[in-house]
1. State the antiparallel share, in %, of DSSP beta bridges confined to the chain, rounding to the nearest 5.
2. Taking the alpha-carbon distance from residue 31 and a cut-off under 27 Å, which lysines remain once sequence neighbours fewer than 8 residues away in the same chain are dropped?
3. So what is the 222 nm mean residue ellipticity for the chain from helices alone, if each DSSP H run of at least 4 adds -39500 (n - 2.57) and you divide by all residues, rounding to the nearest 500 deg cm²/dmol?
4. Which is the longest part of the chain that has none of the GluC sites (Glu not before Pro) sitting in a DSSP loop with at most 11 other Cβ atoms within 10 Å?
5. Viscosity 1.306 mPa s, temperature 10 °C: Stokes-Einstein D of the chain from its Kirkwood Cα radius, in µm² per second?
6. Based on C-alpha coordinates, I'd like the Rg and Dmax of region 4-74, in Å.
7. Roughly how many whole Å is it from the C-alpha centroid of region 76-153 to that of region 1-41?
8. Let me know the number of lysine pairs in region 76-152 closer than 23 Å at the Cα, not counting same-chain pairs under 8 apart.
Amino acid sequence: MESQYITEEGLEKIKKELEERTNVLRPQISKQILEAMGHGDLSENAEYIEAKELQAFNQGRIEEIENIIRNAVIISPKQKTSIVGVGATVKVESKEHGIQQFTIVGPSESAPTQGFISNESPLGSAFLDKKKGDEIEAHTPKGLVKYKILEVA
C-alpha cells in the first residue's frame, strides 16, 4: 500500500476510531452473535445474519485503519512554502466560484464541503507543485474548472 498522507490530528482521530472498534464495538458484536445463536436455526436467523455482516464490516474497517496507520506520513498544515503540496492551504479565484480556500490533505482526511481536498482528487492533484499566480484547469465530476492561485500557505 502506498503512503497515506495525514495530519497529526487526523492520525490521532483515526487511532481513537481503531481503539473504539477494537475494544468496544468488536466485543459488542460478539455478544450480539452469541445471543442470536441462541435463537435457533442460523440459516433463517435475521439477527445472526445482521450481526455477522456487522462483524465483517467492522473487521474490514479495522484492517483499513491499521493500513492507514502503518503507511501514515505525517504532514504539517503549518508548513510555509511557496509551492503547493500536501498540507498546503491555497486561496484561489475562479469566474464561476469566486474566491475559495482549499487545504490539500491525504484521502483519509478529505472533506470537500469543508475545504479539505485530497491530493489524489482531480482538483487537488491539479494544484500540486503550482505556485502563486499560476492558473490551473481540472476535470472534475461537475466539469472543467479553472482557478488562479492567489496565495499559498
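No value in this document is a laboratory result; all are computed from the given coordinates. Note that the coordinates shown come from a computational prediction; the quantities given were computed from them, not determined experimentally. When we count neighbours, we look across all protein chains shown, and the Cβ atoms used for this are built from the backbone with ideal geometry, even at glycine.
1. 70 percent
2. Straight-distance partners of residue 31: 13, 15, 16, 52.
3. Numbers: 4 runs with 56 residues, N = 153.
Taking each H run of at least 4 residues, the total per residue is -12000 deg cm²/dmol.
4. Working: sites that count: 2, 96.
Result for the longest clean stretch: 3-95.
5. Details: Rh = 18.0 Å.
Using the Kirkwood radius from Cα pairs, D works out to 88 µm²/s.
6. According to the Cα coordinates of region 4-74, Rg and Dmax are 15.5, 50 Å.
7. Computed from Cα coordinates, the inter-centre distance equals 33 Å.
8. Taking region 76-152 as the scope, the lysine pair count is 29.
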